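Chemist: For reference, the structure I am asking about is given below.
The values are calculated or read from the model by the stated rules, or taken from the named source; none is laboratory data. All values reported here derive from a predicted model rather than from experimental measurement. Here Cβ is always computed from backbone atoms with ideal geometry, including for glycine, and neighbour counts include all displayed protein chains.
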Amino acid sequence: MESRPLVPLRVVHLSKRYRLRSGGFVDAVSDISFDIPAGECFGLLGPNGAGKSTAIQCISGFYPATQGEVFINGHDVHLHPKRARRFLGVCSQEETLDSDFNVLDQLVRHATYFRIPTRVARARAGELLERFGLSDKVRDPVESLSGGLKRRLQVARALISDPRVLVLDEPTTGLDPDVRRMLWEVLAEARARGAAILLSTHYMEEAERICDRVAVLANGRILDIDSPQRLIATHIARTVVEEEVRPGVIWKRAPNLEDVYLKLTGSRLGVEGL
Amino acid sequence: MRLPDRFWGVWCVWRRYFAVFVKSLPYYLVTTFLEPLLYLVSFGLGVGSLVGNVHTQGTELTYRSFIFSGVIAQTVLFQGFYEGAFGAFVRMYYQRIFQAIAITPITLTEVLWGELLWDASKATVAAEVVALIGVLTGDFPPAALLTLLPVAFLSSLLFSAMGLAAAAYSRSIDELSYPQYLLVFPMFLFCGVFYPIDALPGALQSVAWFFPLTSVNSLVRTLTLGLPFQIQSIAILSAWLLALVAVAQRSMVRRLVR
């Protein structure tokens, strides 16, 4: 079954079960479904071990799904990975930069995997490096870059093929606030070009700020999906939340996405009045 | 000409390795070609001047000719295995190159074929350099350079697959020492590189024939020195090659994909 071609990313009843070394099984992802239309940024929120990275590995087609289907621009990523991944750009949580190449060649080499001609790739790489503030590092070896610069380069690499679907697994972890803002701008530009963005993040403020919709994930299941504003309105009954920020110091503030996250995932961490 | 997608993916990965090879040519010239040359000089000229002639399979040879052909097999073994084992382990575990490429339109299977074919190509070139020296010294006929090519390449592929399988099963790079000391070094010492295996006791000869390097040595000596063709070598090499390529691919996919 092919999906409607206008939906860049469609995830249908996706499940992933791992076999444990001890002999049992664990359901890392259980029956998750969502669509991401063109120009939307969709957030995946969840605590460590919620299944975000496993879901992303299945969505990129690197891990086979135990059940369900993933369509990228209408192509089933597990049945037709080569066709589907032509439209996909991925920035993994781990650093996967190719340390045998310098900063520029890194991007140009990656573009060849998408059958992009070298001349086109060089021009696009130059634009991306300038956009990400890496123009003065063009000939530098990857190993000489700081962690933040490597992260920028890895996001730039995910964009080298101008993908219709951009998957980012915690792309801003460890970045300075100004670099994080720059990345948000880059994502906004990608959205304006019609890219669908799947963003996994630990930063609630980031999700609330840049995601049109978010899915809260725990134990491999989606607990709820909606816009940040509607999730807050649905799950937080009060208009004012009290939070003990230091012993004996109570802050009163408007409810936010973090409150929803904490409530849905069963965490409290000192927040009262949810 | 536009290659079909599947072949293009393998070719693209092979080109990636070639680009790295060219970029780091001085390093690779030392690590790829110096070692067999040292063996040639040490054993061919040094030990060869002490040993004199060798009698095997009803033929009398100079020890230098014998060891030159043995070094071809040894080169295929070391270059294929070490690139497949240590090189691939670094690319898989530390650099995560396999994972980075396999989420593009190139599949993991194609990445692994690209890896194996590159490892085999590099080992083949090293083996041909040794053969060329043998031709220049008059130990091998010039035609051996051509006839040797398919045998050197398929043998290199076999040992690269052995290395890749070892990388897939090793939890750390240190664990690669197990196949290195338990498999590669015994083959190097007992499978006919330095002396004809008919010098070994009968039971050990059978054990030596089980391991693929004996068959590689046999075929290489047929092609370079004109020793009688031993048909079992083709069967043994084919069985090892098919089994190891399948095991290498399957074990590496299992290692990377949950």
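Chemist: Here is a check on your reading of the model: is A:Asp31 surrounded by fewer than 23 Cβ atoms within 10 Å (Cβ to Cβ), away from chain B (no Cβ under 14 Å) and in contact (Cβ under 8 Å) with a residue 40 or more places away in the chain?
Modeler: Yes, satisfied.
Chemist: Restricting the search to the range A:116-153, which residues are closer than 30 Å to A:Phe34 by Cα and at pLDDT below 95?
Modeler: Passing the criteria: A:Arg151, A:Arg152.
Chemist: While we're looking at this one, here's another question. Give the number of residues within the range A:118-144 that are part of a helix (DSSP H, G or I) and either surrounded by 15 or more Cβ atoms within 10 Å (Cβ to Cβ) or not polar (S, T, N, Q) (or both).
Modeler: 17
Chemist: Right, next: Quick one: in the range A:90-105, of everything that is more than 9 Å from chain B (Cβ to nearest Cβ) and not in a helix (DSSP H, G or I), which residue is surrounded by the fewest Cβ atoms within 10 Å (Cβ to Cβ)? Before you say what the answer is, go through the steps one by one.
Modeler: Let us first name the residues in the range A:90-105 that are more than 9 Å from chain B (Cβ to nearest Cβ), namely A:91, A:93, A:102-104.
Imposing the further condition that a residue be not in a helix (DSSP H, G or I) reduces the set to A:91, A:93, A:102.
Working: A:Cys91: 23, A:Gln93: 16, A:Asn102: 20.
Out of the qualifying residues, it is A:Gln93.
Chemist: Please state which one of B:Val20, B:Val13, B:Val71 is within 14 Å of another protein chain (Cβ to nearest Cβ) and crowded, with 22+ Cβ neighbours inside 10 Å. Break it down into steps so the answer makes sense when it comes.
Modeler: Numbers: B:Val20 fails: crowded, with 22+ Cβ neighbours inside 10 Å; B:Val71 fails: within 14 Å of another protein chain (Cβ to nearest Cβ).
Among B:Val20, B:Val13, B:Val71, only B:Val13 is within 14 Å of another protein chain (Cβ to nearest Cβ) and crowded, with 22+ Cβ neighbours inside 10 Å.
Chemist: Next question, about the same structure. Collect the residues in the range B:115-126 that are farther than 15 Å from B:Leu29 by Cβ and of a type in the set (Gly, Ala, Ser), keeping them in residue-number order.
Modeler: Listed by number, the residues that qualify are B:Ala120, B:Ser121.
Chemist: Got a sec? Which of B:Leu213, B:Leu200 is at pLDDT 95 or above, out of contact with any Ser or Thr (no Cβ under 8 Å at 6 or more places or on another chain) and hydrophobic (A, V, I, L, M, F, W, C)?
Modeler: One residue alone meets the criteria, B:Leu213.
Chemist: Output the strands (runs of 3 or more DSSP E) that fall wholly within the range A:189-246 and possess 1 or more residues being at pLDDT 90 or above, or say none.
Modeler: Passing ranges, in order: A:196-200, A:213-218, A:221-226.
Chemist: For the range A:145-179, give me each residue that is more than 14 Å from every other protein chain (Cβ to nearest Cβ), assigned to a loop (DSSP other than H, G, I, E, B) and either closer than 27 Å to A:Gly74 by Cβ or not small (Gly, Ala, Ser) (or both).
Modeler: Listed by number, the residues that qualify are A:Leu145, A:Glu170, A:Pro171, A:Thr172, A:Thr173, A:Leu175, A:Asp176.
Chemist: So the check is Cβ under 8 Å with 6+ separation or different chains; which pairs have a first residue in the range B:12-32 that's under 20 Å from B:Leu108 (Cα atoms) and a second one that's among the aliphatic types (A, V, I, L, M)?
Modeler: So the pair list comes out as B:Cys12/B:Ile106; B:Val13/B:Ile101; B:Val13/B:Ile106; B:Val13/B:Val111; B:Trp14/B:Leu117; B:Arg16/B:Ile101.
Chemist: On to the next question. Looking for something of a type in the set (D, E, K, R), crowded, with 20+ Cβ neighbours inside 10 Å, on the phi < 0 side of the Ramachandran plot and free of Cβ contacts under 8 Å to residues at least 40 places away in the same chain - is there at least one such residue anywhere in the range A:65-82?
Modeler: The answer is no, given that none of the residues of the range A:65-82 is of a type in the set (D, E, K, R), crowded, with 20+ Cβ neighbours inside 10 Å, on the phi < 0 side of the Ramachandran plot and free of Cβ contacts under 8 Å to residues at least 40 places away in the same chain.
Rundown of residues vs (1) facing chain A (nearest Cβ under 10 Å); (2) modelled with pLDDT under 95; (3) surrounded by fewer than 22 Cβ atoms within 10 Å (Cβ to Cβ); (4) in contact with a His (Cβ under 8 Å, 6 or more places away or on another chain), yes/no style:
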residue	(1), (2), (3), (4)
B:Val76	no, no, no, no
B:Gly80	no, no, no, no
B:Gly84	no, no, no, no
B:Ala88	no, no, no, no
B:Ile101	yes, no, no, no
B:Thr104	yes, no, no, yes
B:Leu108	yes, no, yes, no
B:Leu116	no, no, no, no
B:Asp119	no, no, no, no
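Chemist: Give me a count of the residues in the range B:224-236 that are of a type outside the set (Ser, Thr, Tyr), surrounded by 21 or more Cβ atoms within 10 Å (Cβ to Cβ) and in a helix (DSSP H, G or I).
Modeler: 1
Chemist: Taking A:Ser15 as the residue in question, decide whether it is in a strand (DSSP E or B), touching a His at 6+ places or on another chain (Cβ under 6 Å) and at pLDDT 95 or above.
Modeler: no
Chemist: In the range A:51-89, what residues are within 8 Å of chain B (Cβ to nearest Cβ), part of a loop (DSSP other than H, G, I, E, B) and of a type outside the set (Phe, Trp, Tyr)?
Modeler: A:Ser60, A:Gly61, A:Pro64
Chemist: A further question follows. Looking only at the range A:106-117, which residues are within 11 Å of another protein chain (Cβ to nearest Cβ) and either touching a residue at least 40 places away in the same chain (Cβ under 8 Å) or not in a loop (DSSP other than H, G, I, E, B) (or both)?
Modeler: Filtering the range A:106-117 down to residues within 11 Å of another protein chain (Cβ to nearest Cβ) leaves A:106, A:108-116.
Of everything in the range A:106-117, those that are within 11 Å of another protein chain (Cβ to nearest Cβ) and either touching a residue at least 40 places away in the same chain (Cβ under 8 Å) or not in a loop (DSSP other than H, G, I, E, B) (or both) turn out to be A:Gln106, A:Val108, A:Arg109, A:His110, A:Ala111, A:Thr112, A:Phe114, A:Ile116.
Chemist: Considering only residues that are under 17 Å from the mean Cα position of the chain (by Cα), under 27 Å from A:Ala123 (Cβ atoms) and of a type in the set (A, V, I, L, M, F, W, C), which ones fall in the range A:63-110?
Modeler: Listed by number, the residues that qualify are A:Ile72, A:Phe87, A:Leu88, A:Val90, A:Cys91.
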